[in-house]
Amino acid sequence: MSVALVLLLTCSVAQQKADDTQMFDTRLGKAVNLGNALEAPKEGDWGLVLQESYFKIIAEAGFDTVRVPIMFSAHTQESFPYSIDETFLERIDWVVEQTQENNLKAILVLHNYNEISVDPIGQLERFLAIWRQVASRYQNADEHVYFELLNEPKDAFSNDPALWNQVLVQGINTIRESNPKRPIIVGPAGWNSVWYLKDFKLPDDENLIATFHFYDPFAFTHQGAEWVENIPPVGTTWTGDLVELAAPWQNWSWDTNFELEGDGLSVTYNAGWAGLYLHSDELITHYDTLRYKADKPTNLLLVCGQDGLPDGDFSVQSGAQVLQNIPLTDCGLKQGLTELAIMNNSDEAQEKFSFLELSLCRENGAGEGDCTSLISNEASAISSALDVARAWATDHNIELFMGEFGVYDPADMASRIRWTEYVRKEAEARGFSWGYWEFGAGFGIYDPVTELWREDLLAALIEK
């Protein structure tokens, strides 16, 4: 699951017009992920073994598709000829049969193949051999069997998205040897992050579907997730109303009290060189102006740059309630920024004040939609991120599948339901098919012990 982040886009949920709403894509439609079963090193290791009854109840609940994460690499020889265990392949055959008997589409996903992300060159031959075998085995399957090239490319691919663009072409070409027309699903690097779509390049192939995964805000969706480094603490709620920094910005402030109040960002500097320090994991481009307005007179020292500051600084004085347009070139910006520090070096450095406007703009914000606020509420932050995905899909004229989204079990159920319903509706409004993560484990909508749906969570996905 992903936390990588990059570019902001200008649309917000408030800017969406009724005629912008796209038809919900029904080819994949509404999917559920069969996670923690065949993606484990051995089915059952992670608590879930697939049952025949699951496919029947999934179809009866109103889902169209099952996305089947499969750890093929755990059942594949380490050296040439990289043969996949036949017994394991027969288990996959059974899954495909169950989907067909229940009129479900099946997405077979190469999942948890972490080795290819760590060592793409060293693992390339094995990666292609896996797909050559899988593709050949299902070349005569009906059109409702889909292949997904690799779940969440990361590590080396995140560091160099162009490398993933090269590898994916080889993977697609390998599948095309035996399946010239079968739909293939492919997502960007950065754990299939929406913020990596800008670097994502697909070959000219009319039978490709692009995908991304969505778990923002990560501190909410993954609270208590024991497999995550620096486990987000349990207790974070989601109402949709809380004001926060808009993605991809993170608060790295020092010696500064940072509060989100009402529609503004309130800051108290505890020393003259304390700073409101905003950080992005990826380079922010296409903006030339910082726009701000504060509730009190300020004397700000702005520093912007890349990879740790500073490229330059620029001192700005502003009166109360005065809207300022500050060219980013004045604070040293050259090609883009990952760091933005705003320090109050006035004599009243410890005095609390609030930014009522804090935005990045293009062309001085001359036209409607030219500015993107760095302050957002939880709901509009999600909508803006999905707007990034929609704009990319529109530009590239390609179907887009939100292949994973969900909230881990330690979150309170009311928040899980609110977030899930909001993300699902926003995805459908933009024409995306979707796949909930997941069926019957830590994020699950079904309890395999009681053999019952978690009805309220299911209702957030499937409206009756």
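Where a number appears in this text, it was derived from the coordinates with a stated rule and is not lab data. None of the values given here were measured: they were computed from a predicted structure. Cβ: placed from backbone, ideal geometry, glycine included. Neighbour counts: every protein chain shown.
Each Lys and Arg Cβ is given +1 and each Asp and Glu Cβ -1; about its Cα centre, segment 202-300 then shows a dipole of about 540 debye. What the phi angles of segment 279-285 give under the Karplus curve with 6.51, -1.76 and 1.60, with θ = phi - 60°, is a coupling list of 10, 10, 5, 10, 5, 8, 10 Hz, glycine and proline written as x. The calculated FRET efficiency for the pair Val234 and Gln100, based on their C-beta separation and a Förster distance of 51 Å, comes to about 0.80.
Across the options Trp191, Ser178, Cys304, the greatest Cα extent toward the positive end of the charge dipole of the chain (unit charges at beta carbon of Lys, Arg, Asp, Glu) belongs to Ser178. Take the Cβ atoms of Ala391 and Leu163, set R0 to 22 Å, and the FRET efficiency comes out at 0.35.
The length gained by stretching the chain between Lys42 and Gln250 to full extension, at 0.36 nm per residue less their Cα-Cα distance, is 71.1 nm. Placing dummy labels 7 Å off each Cα toward the beta-carbon, the span from Asn325 to Met23 is 4.2 nm.
Between Gln77 and Ala141, the contour length at 0.36 nm per residue exceeds the Cα-Cα span by 20.5 nm.
A dipole drawn for the chain from +1 and -1 charges on Cβ atoms has a positive end, and of Ala414, Thr394, Ser318 the residue lying farthest that way is Thr394. Multiplying the residue separation of Thr268 and Ala61 by 0.36 nm and subtracting their alpha-carbon distance yields 69.4 nm.
The magnitude of the dipole of the chain, with charges of +1 and -1 set on the Cβ of Lys/Arg and Asp/Glu and taken from the Cα centre, is near 620 debye.
Restricting the trypsin sites (Lys or Arg not before Pro) of segment 92-172 to loop positions (DSSP other than H, G, I, E, B) with no more than 14 neighbouring Cβ atoms within 10 Å leaves nothing.
Working from Cα pairs under 8 Å separated by at least six residues, relative contact order for the chain is 20 percent. How far is helix 413-429 tilted off the main Cα axis of the chain, in degrees rounded to 10, range 0 to 90? Value to nearest ten degrees: 80. The calculated pair-distance distribution of segment 75-192 uses every alpha carbon pair, bins of 5 angstrom beginning at 0, and gives 2, 11, 21, 24, 20, 14, 6, 2, 0 percent.
Structural descriptor for segment 80-194: relative contact order 31 percent, calculated from alpha carbon pairs under 8 angstrom and at least 6 residues apart. Between helix 120-137 and the chain, what is the angle of the helix's C-alpha long axis to the longest principal axis, kept within 0 to 90° and rounded to the nearest 10? For 120-137 against the chain, the angle is about 40 degrees.
The calculated 222 nm mean residue ellipticity attributable to helices in the chain amounts to -8000 deg cm²/dmol, summing -39500 (n - 2.57) over DSSP H runs of n ≥ 4 and dividing by all residues.
Of the beta bridges in the chain, as assigned by DSSP with both residues counted there, near 65 percent are antiparallel. A straight line joining the Cα centroids of segment 120-165 and segment 231-279 runs 39 Å. Spacing of the modelled spin labels on Glu455 and Gln51, each 7 Å from Cα toward Cβ, amounts to 1.9 nm. Principal-axis analysis of the Cα atoms of the chain puts helix 378-396 at an angle of about 60° to the longest axis. In this simple spin-label model, placing a label point 7 Å from the Cα along the Cα-to-Cβ direction at both Glu463 and Asp295 gives a separation of 3.8 nm.
Among the GluC sites (Glu not before Pro) within segment 64-144, those in coil by DSSP and having at most 11 neighbouring Cβ atoms inside 10 Å are Glu78, Glu143.
Along its first, second and third principal axes, ordered by size, the chain spans 74, 45, 42 Å in Cα coordinates. Ranking Asn140, Trp164, Ala225 by Cα position along the charge dipole of the chain, where only Lys, Arg, Asp and Glu carry charges on their C-beta atoms, puts Asn140 farthest toward the positive end.
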